[in-house]
Structures are given as structure tokens and as C-alpha cells.
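Have a look at the structure below before the remarks.
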Amino acid sequence: MLIVLAYFLVVVIWTTTPLAIVWSGETDWFFGVAARTALGALLILPLLWWQASKTMAFQLNLNAFKIYIVAGLPIFGGMTLMYWSGQYLPSGWLSILFAMTPVMTGLLAHYLLPNSQLTFRKILAILISLCGLWILFAPNLTLTVSTPVTSISNQAFFQIMAVMVALVSVFLHSLGSVLVKRCGTQLPAVHVAIGALWASVFVHLILSPTALLEWPVLQARESYAILYAATVGSVIGFVLYFYLVRHVDAMKVALIPVITPVFALLIGHYLNNEVLSLSIWFGTGIVILGLVLFEWRFTKRNRQN
């Protein structure tokens, strides 16, 4: 029951996080992600004492540090790049790109995890999902979004770059999930989340030592978005996420983004005035069709249980 509840909450959090990414990065995208990570790293510390009183103390050995760094890949790698892409893409698009996580996880698991080989059906599913992305993005570039680029031609270029960067973000997120699963860690999910967040804070400080010292002037919704992303998205979301990674098959965890795009598109449309065209809905449907085909054995097995 606890796993089902955690799964449901992660779906809800990942549905709303793309809009929080777009809003919190409107003035300064790097400050948005660095502030979210740092605030989340501070807010999660009380859970450390609570966890230590129940099970084990926080581990600081070499093997634990390896886990923290690997678990930090989805944050300082994947999430940072997704924030950059959020300058040029609507939040619904970010969710659809993030929905490619099962595909990327499957490709990585093929090489890194035993008994996770790709089949003809999965290869076909990947091709279908890629066709869906093309149908979605090709006719809809240069849609009006919150972006510092004014020229339409430049905006199209930066949106194409943002799509590519977002796919790299998905790759890093998937790689972190697979490597954490491969390591077979017995560390509590809270410890993994704390280690990953603080490893990410350290990387952000290396990239920009003054990012958290020179605060930009933020709009009210930017501040609320950063606070929401730090508390719900980072603290609650990452604890639940690493809990699922530890207790559930990696491909089942990767299925979560398949559920979120439609709801994220609607949230972005009604709360952020994002355009919804027929090609966007059709492309999204093709992407989801490919992802469902990719995960068909998992769905079938669930119905039999």
C-alpha cells in the first residue's frame, strides 16, 4: 500500500513540476534551479535525524559517496539542463520530453542491467515515440513562450536546441536511475535523497559560486514556484522517487512520466496560457502510444496479478 501511495504522489508531483520549472526560471534560470536545490537540501535535513533514530546513521564512506554522486545525476545533470530548456519551451512540452524516460531507461538498462535486453517490439515502440515527437514539435516551433529571444528565427533555433538539451536531461535522469538500481544500495531512500541534493548543491556552487549570493528581483509567482519545487518537488518528490527506485523495478519507475503529459499539458494551458493545437495533441498521443507499447509486458502482467 505504501508503494502504491508513493507512486501516486510522484505522478502528481511530476505532473505539476514542469510548470514550476518554467515559472521559477523566468528571471534567472540558473538561480531558479540552484535555489530550489539548496533550499531542498536544507529542508530535508530534519528527516536525517528522524531517519537516524529509526534505522542507521547517515553514511559517509566511499561506497555511500558513490551512491550520492550517482543519485545526483538526475538533479545536477538532468534537472539543471531541464531548467535551461524551460526558458524556451512550454511546460507541457517539457513533460512530454520527460515522458521519454522509459525509452532512455530501456536503452541504458539493455547495456547496464541483466535481463533487460531490447526486443523488436521495444525498438518499434521507440521509433513510434520519436515519430510522435516529430509530429508534435515540427509544426509548433516559435510558439509564444516566456523567452529572452525576440527574433522568430532565433527563437526557433533556441527551441530546437532546448529540445536536444532536454533529451540530454532525460538521458542523465535515466542513467542515474539505472546506476542506482545497479549499485543495489541498501541505504534508506532519505539518505540517498539527502546525499544527492547536497552533491548537487556542491556542483552548482562550482559552476557559479555567487549564484546564491546575488539574488535577482523575483516576481511573486517565481518565488512561490521555487518554494513549491524545493519543498514538494525536491524534498518529498526525491525521497519518494528514490524509495521507488529502491523497491520497484527501474522500468516501472520509468513508466511514471508516461502518465503525466496529458495533465501537464492541461495545467500549462489553463494556468500559463500555453497553446494547445491539434498537432500537439496528436503528437502527444503517438508518443504515449509508443511508450505504452514499450511497456506492454508490464501492463499485461499487472492485469494478471
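Within the stretch 29-39, identify whether any single residue is surrounded by fewer than 20 Cβ atoms within 10 Å (Cβ to Cβ), aromatic (Phe, Trp, Tyr) and at pLDDT 90 or above, and answer yes or no. Yes, the stretch 29-39 has at least one match. With respect to (1) touching an Asp or Glu at 6+ places or on another chain (Cβ under 8 Å); (2) closer than 30 Å to GLN186 by Cβ, the lone exception for TYR241 is condition (1). Only residues that are within 23 Å of ILE259 (Cβ to Cβ), polar (S, T, N, Q) and over 11 Å from the mean Cα position of the chain (by Cα) were counted in the stretch 67-108, giving 3.
To keep it simple, each residue is scored yes or no on (1) closer than 28 Å to GLY106 by Cβ; (2) buried (at least 22 other Cβ atoms within 10 Å of the Cβ); (3) among the basic types (Lys, Arg).
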position: SER177; (1), (2), (3): yes, yes, no
position: PRO188; (1), (2), (3): yes, yes, no
position: HIS191; (1), (2), (3): yes, yes, no
position: LEU197; (1), (2), (3): yes, yes, no
position: LEU207; (1), (2), (3): no, no, no
position: PRO216; (1), (2), (3): no, no, no
position: THR231; (1), (2), (3): no, no, no
position: HIS247; (1), (2), (3): yes, no, no
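Within the stretch 7-39, being touching a Pro at 6+ places or on another chain (Cβ under 6 Å) and of a type in the set (S, T, N, Q) holds for one residue alone: THR27. In the stretch 85-128, how many residues are part of a loop (DSSP other than H, G, I, E, B) and either modelled with pLDDT of 80 or more or crowded, with 21+ Cβ neighbours inside 10 Å (or both)? The total comes to 7. Per the listing ALA64, ALA35, the residue uniquely under 18 Å from the mean Cα position of the chain (by Cα) and outside any loop (DSSP other than H, G, I, E, B) is ALA35. Here VAL235 clears all of (1) touching a Gly at 6+ places or on another chain (Cβ under 8 Å); (2) not in a helix (DSSP H, G or I) except the condition numbered (2). Can you find a residue that is under 14 Å from the mean Cα position of the chain (by Cα) and on the phi < 0 side of the Ramachandran plot anywhere in the stretch 199-209? Scanning the stretch 199-209 turns up no residue that is under 14 Å from the mean Cα position of the chain (by Cα) and on the phi < 0 side of the Ramachandran plot. Could you tell me whether any residue of the stretch 2-24 is touching a Phe, Trp or Tyr at 6+ places or on another chain (Cβ under 7 Å), of a type outside the set (Lys, Arg), surrounded by fewer than 18 Cβ atoms within 10 Å (Cβ to Cβ) and part of a helix (DSSP H, G or I)? So far as the stretch 2-24 goes, no, none of its residues is touching a Phe, Trp or Tyr at 6+ places or on another chain (Cβ under 7 Å), of a type outside the set (Lys, Arg), surrounded by fewer than 18 Cβ atoms within 10 Å (Cβ to Cβ) and part of a helix (DSSP H, G or I).
Every test in (1) surrounded by fewer than 23 Cβ atoms within 10 Å (Cβ to Cβ); (2) farther than 14 Å from LEU73 by Cα is passed by VAL201 save one, and that test is (2). Counting only residues that are outside any helix (DSSP H, G or I) and closer than 18 Å to VAL287 by Cβ, which one in the stretch 131-178 is modelled with the lowest pLDDT? Of everything passing the filter in the stretch 131-178, LEU143 is modelled with the lowest pLDDT.
Confirm whether ALA225 is within 15 Å of the chain's Cα centre (by Cα) and modelled with pLDDT of 90 or more. No.
The values are calculated or read from the model by the stated rules, or taken from the named source; none is laboratory data. The structure displayed is predicted, hence computed values, not measured ones. Glycine also receives a Cβ, built like all others from the backbone with ideal geometry; neighbour counts cover every protein chain displayed.
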